[in-house]
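Report on the following structure.
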Amino acid sequence: MNITYFRPTRPGPELRMEMMVARQIDALFPGLKYPNWTAGYLTIGAGMPDLVVVSSNPEVTKLTAFEKPNAYILAYLKAVQQARLATITERLNCALSTVAACLEGLVKASVVEQEKDFFRLARPWRNILDEIVTIEVKVNNWRKAVEQASRNGVFAHRSYIALPQKVVERIKDEPILRKQGIGILAVEDAGNVVMYRKAPRRRPKVWAYYYELASITARHLGIHEHAISRAH
């Protein structure tokens with residue numbers, strides 16, 4: 001499993017556990033609709049999950065050429081279904097010319113549809129990231145892992161903590177885990193990773209982070225596709 005890291009890794013027991021989990025991503029999450037991309041230490045909002053697994057519609061690569069303001073436009077259209085240019089400009093507190101230029105590009109790329117004065121997301125873009133899974137890996141400090149996993153829930157469909165098997169056995173019945181909807185991965189001494197408790201799928205809460213992640217995913221996949229095409 002290739003991981004795109006967004007900061008230098010630090011050798012130690014947690015990194016070894018992260019690598020064990022990363023190598024078994026496909027086996028742990030076999031039902032993903034699309035091929036996945038895994039990132040390490042990627043900052044989204046106030047969080048920086050140890051691992052983020054993103055299963056995205058291939059159309060996401062259309063965002064490769066767009067900059068950050070578009071994430072907020074897409075997030076707003078996701079929330080309100082459709083809106084006029086003036087309304088979008090007012091709600092986002094952006095310059096009219098900036099929003100108009102962004103929308104023009106998004107319409108040309110078939111990301112956004114325009115009907116008379118109204119703009120709306122094209123259907124595939126309402127769920128362009130089919131599944132976002134975050135994983136926080138800890139050797140001992142499970143409470144910190146829970147805190148971080150809970151924070152990840154603002155943009156992820158499923159949040160997990162990965163802990164050594166012996167720690168999982170000790171904390172498995174903690175009420176906060178079910179209350180926060182956090183799944184558990186148990187890392188055995190031999191290196192096998194077990195889906196101890198599956199996280200329930202939840203709707204992301206902050207769409208700006210969702211579409212920011214979509215833009216980052218697009219850039220990564222776009223670079224990867226370009227490298228493949230050059231190799232051929």
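The values are calculated or read from the model by the stated rules, or taken from the named source; none is laboratory data. Owing to the predicted nature of the structure, the values given are computational and were not obtained by experimental measurement. Every residue, glycine among them, receives a Cβ derived from its backbone with ideal geometry; neighbour counts consider all protein chains shown.
All but one of (1) under 19 Å from the mean Cα position of the chain (by Cα); (2) in contact (Cβ under 8 Å) with a residue 12 or more places away in the chain hold for residue 31; which doesn't?
Residue 31 satisfies all of (1) under 19 Å from the mean Cα position of the chain (by Cα); (2) in contact (Cβ under 8 Å) with a residue 12 or more places away in the chain except (2).
So which of 108, 138, 116 ends up being among the basic types (Lys, Arg) and in contact (Cβ under 8 Å) with a residue 60 or more places away in the chain? Walk me through it before giving the result.
Working: 108 fails: in contact (Cβ under 8 Å) with a residue 60 or more places away in the chain; 116 fails: in contact (Cβ under 8 Å) with a residue 60 or more places away in the chain.
Matching residue, one of 108, 138, 116: 138.
Collect the residues in the range 181-232 that are part of a loop (DSSP other than H, G, I, E, B) and at pLDDT 90 or above, keeping them in residue-number order.
Of the residues in the range 181-232, the ones part of a loop (DSSP other than H, G, I, E, B) are 181, 188-192, 198-206, 232.
Hits for the range 181-232 are 181, 188, 192, 198, 199, 200, 201, 202, 203, 204, 205, 206.
Being under 21 Å from the mean Cα position of the chain (by Cα) and within 24 Å of residue 155 (Cα to Cα), is that true of even one residue in the range 92-99? Can you show your working first?
Applying the first criterion (under 21 Å from the mean Cα position of the chain (by Cα)) to the range 92-99 yields none.
No; the residues of the range 92-99 include none that is under 21 Å from the mean Cα position of the chain (by Cα) and within 24 Å of residue 155 (Cα to Cα).
Filter the range 116-143 for residues that are over 24 Å from the mean Cα position of the chain (by Cα) and at pLDDT 95 or above and give the result. First the steps, then the outcome.
Filtering the range 116-143 for residues over 24 Å from the mean Cα position of the chain (by Cα) gives 116-119, 140.
Matches in the range 116-143: 118, 119.
Among what's in the range 95-104 and is loosely packed, with under 15 Cβ neighbours inside 10 Å and not aliphatic (A, V, I, L, M), pick the residue that is farthest from residue 125 (Cα to Cα).
That would be 97.
Which of (1) over 30 Å from residue 29 (Cα atoms); (2) under 18 Å from the mean Cα position of the chain (by Cα); (3) of a type outside the set (Val, Ile, Thr) is the odd one out, the single condition residue 63 does not satisfy?
If we test residue 63 against (1) over 30 Å from residue 29 (Cα atoms); (2) under 18 Å from the mean Cα position of the chain (by Cα); (3) of a type outside the set (Val, Ile, Thr), just (1) comes out false.
Taking residue 165 and the conditions (1) modelled with pLDDT under 95; (2) surrounded by 14 or more Cβ atoms within 10 Å (Cβ to Cβ); (3) polar (S, T, N, Q), which numbered condition does it fall short on, given that it satisfies the others?
All conditions are met except number (1).
So that you can scan it fast, the table gives a plain yes or no per residue for (1) out of contact with any Leu (no Cβ under 8 Å at 6 or more places or on another chain); (2) not β-branched (Val, Ile, Thr):
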| residue | (1), (2) |
| --- | --- |
| 44 | no, no |
| 71 | yes, yes |
| 84 | yes, yes |
| 87 | yes, no |
| 91 | yes, yes |
| 125 | no, yes |
| 154 | yes, no |
